[in-house]
1. Can you send over the carbon and sulfur percentage of the accessible area for region 86-200, probe radius 1.4 Å, protein chains only?
2. Suppose accessible area is computed on protein heavy atoms with a 1.4 Å probe; arrange Ile174, Ile50, Ile143 from highest to lowest.
3. So for the pair Val58, Asp96, with labels modelled 7 Å out along Cα→Cβ, what separation do we get in nm?
4. For Trp141, tell me the accessible area in Å² from a 1.4 Å probe, rounded to the nearest 10.
5. Once you treat every alpha carbon in region 1-107 as an equal point and sum by Debye, what is log10 I(q)/I(0) at q = 0.12, 0.15, 0.19 Å⁻¹?
6. Among all helices in the chain defined by DSSP H, which have a length of 15 Å or more along the axis from Cα atoms plus a Kyte-Doolittle mean of at least 0.0?
7. Rounded to the nearest 20 Debye, what is the dipole magnitude of the chain about its Cα centre when Lys and Arg each give +1 and Asp and Glu each give -1 at the C-beta?
8. Among Phe11, Thr37, Ser164, which residue has its Cα furthest toward the positive end of the charge dipole of the chain, with +1 on Lys/Arg Cβ and -1 on Asp/Glu Cβ?
Amino acid sequence: MPQDSLKAPRFMTLIVLSGLSVLSLNMFLPSLSNIATDFAAPYALVNLAIAGYAAATVALQLIAGPLSDRFGRRPVMLAALFTFCLASLGCLLASDVWSFLLFRMIQAAIICGYTVSLAVVRDTAGSQRAASLIGYLAMAWAIAPMLGPMLGGLLDDLFGWRASFCAFLGFGTIVLVLCWIDLRETNHSPSETLTKQFRA
């Protein structure tokens with residue numbers, strides 16, 4: 001067993017982190033029409049909350065890994081969670097569709113949760129065990145998007161569309177505290193510079 005595995009976070013922390021990173025993609029889908037009505041905005045424009053978010057996650061996945069290789073898993077993940085919480089608060093308090101869409105794009109920072117979770121598994125587990133653990137993380141990615149719209153629809157029916165973003169803020173804060181306590185640094189061989197990484 002690698003020495004670093006002694007310092008590995010609880011696997012449940014990584015599962016929760018991975019689940020949150022995809023839950024935020026579609027949990028509020030049932031609320032799109034209500035958001036458009038509330039902001040008096042075209043439905044097609046509000047749909048950018050999904051398309052723009054997806055585009056941002058693609059871009060962030062390309063840089064999250066190199067950043068965590070250079071600066072460490074823990075600081076990158078804590079920064080991403082803090083950004084996600086602030087963006088969720090921004091969506092919750094948004095007074096117009098443009099500020100809502102801006103904060104919604106910033107919410108995409110949470111996608112670092114999946115990228116960093118995979119990196120932590122590779123840091124702390126042997127190749128055979130890593131393959132098994134990554135499979136469990138993939139299950140979280142499969143289950144969370146199925147449950148998200150049901151939860152979002154329930155919250156919308158009971159409390160309105162902003163309730164989903166209140167939930168995001170709550171989930172993000174809980175996971176931030178969990179990672180602050182449990183997610184120790186597992187990258188003990190940081191890369192020298194980002195330039196060398198991208199060259200490679």
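The values are calculated or read from the model by the stated rules, or taken from the named source; none is laboratory data. Small disclaimer: the values here were computed from a predicted structure and weren't measured. Quick reminder, even Gly has a Cβ in these numbers, built from the backbone with ideal geometry, and neighbours come from all protein chains shown. Only protein heavy atoms, including side chains, enter the accessible area calculation; ligands, DNA and RNA are left aside. Shrake-Rupley method; radii C 1.70, N 1.55, O 1.52, S 1.80 Å.
1. Of the solvent-accessible surface of region 86-200, carbon and sulfur hold 71 percent.
2. Largest accessible area first, the list is Ile174, Ile143, Ile50.
3. Going by the 7 Å Cα→Cβ label model, 2.9 nm.
4. 70 Å²
5. -0.50, -0.72, -1.02
6. 11-26, 48-71, 73-93, 112-124, 127-159, 162-182
7. Using Cβ point charges on Lys, Arg, Asp and Glu, the chain gives about 560 debye.
8. In the chain, that residue is Phe11.
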